[in-house]
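Data first, discussion second: the structure below is written as structure tokens.
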Amino acid sequence: MSVLEQVQSDVSAALKAGDRERAGALRVVASELQRAHKDAGGGEADEVAVLQRERKRRIEAAEAYREAGRDDLVSNEEREAELIDAYLPEQLSDEELAAIVGDAVAESGASSPSEMGRVMSMVMPRVQGRADGKRVSALVKEKLSE
């Protein structure tokens with residue numbers, strides 16, 4: 001079952017259970033997934049990218065609401081981000097990510113932060129969907145600064 005089918009099934013289940021808030025959030029995600037399927041053919045990588053983008057939007061919105069003092073909206077956005085997390089692949093642990101970055105640094109022969117792009121281009125395809133780019137970038141910088 002694809003992620004889109006799972007989300008659509010969960011929308012139906014939420015509606016049957018009377019959980020309108022959950023159903024509404026899942027409808028937005030389903031809509032974005034359908035758009036990705038139409039635009040790009042919708043492989044699993046596309047689905048993960050859509051889910052990550054939607055999660056990031058929720059987190060950024062929560063931060064904006066927090067700065068504006070709208071705590072009622074912050075909790076709503078954070079709940080939606082957690083809801084989306086359930087459909088994303090399990091994230092790599094810090095140890096697993098460090099091992100992948102260490103291997104990429106060794107393979108590329110990079111030794112300074114100026115060679116970060118080469119290492120990132122090796123790491124990102126390996127961790128696609130399982131680690132945030134900011135997290136990877138910070139770890140690569142750390143490894144190259146040692």
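The values are calculated or read from the model by the stated rules, or taken from the named source; none is laboratory data. Everything quoted here is computed from the prediction, not taken from an experiment. Note: ideal-geometry Cβ built from the backbone for every residue, glycine included; neighbour counts use all protein chains shown.
Key figures for this structure:
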{"item": "Meets criteria (among the hydroxyl-bearing types (Ser, Thr, Tyr) and outside the structural domain of Leu139 (by TED's automatic domain parsing)) for Ser31", "result": "yes"}
{"item": "Qualifying residue in the range 122-144 (condition: crowded, with 17+ Cβ neighbours inside 10 Å, more than 22 Å from the chain's Cα centre (by Cα) and either in contact (Cβ under 8 Å) with a residue 12 or more places away in the chain or farther than 20 Å from Arg53 by Cα (or both))", "result": "yes"}
{"item": "Test: residue in the range 84-98 that is farther than 23 Å from Gln52 by Cα, charged (D, E, K, R) and surrounded by fewer than 12 Cβ atoms within 10 Å (Cβ to Cβ)", "result": "no"}
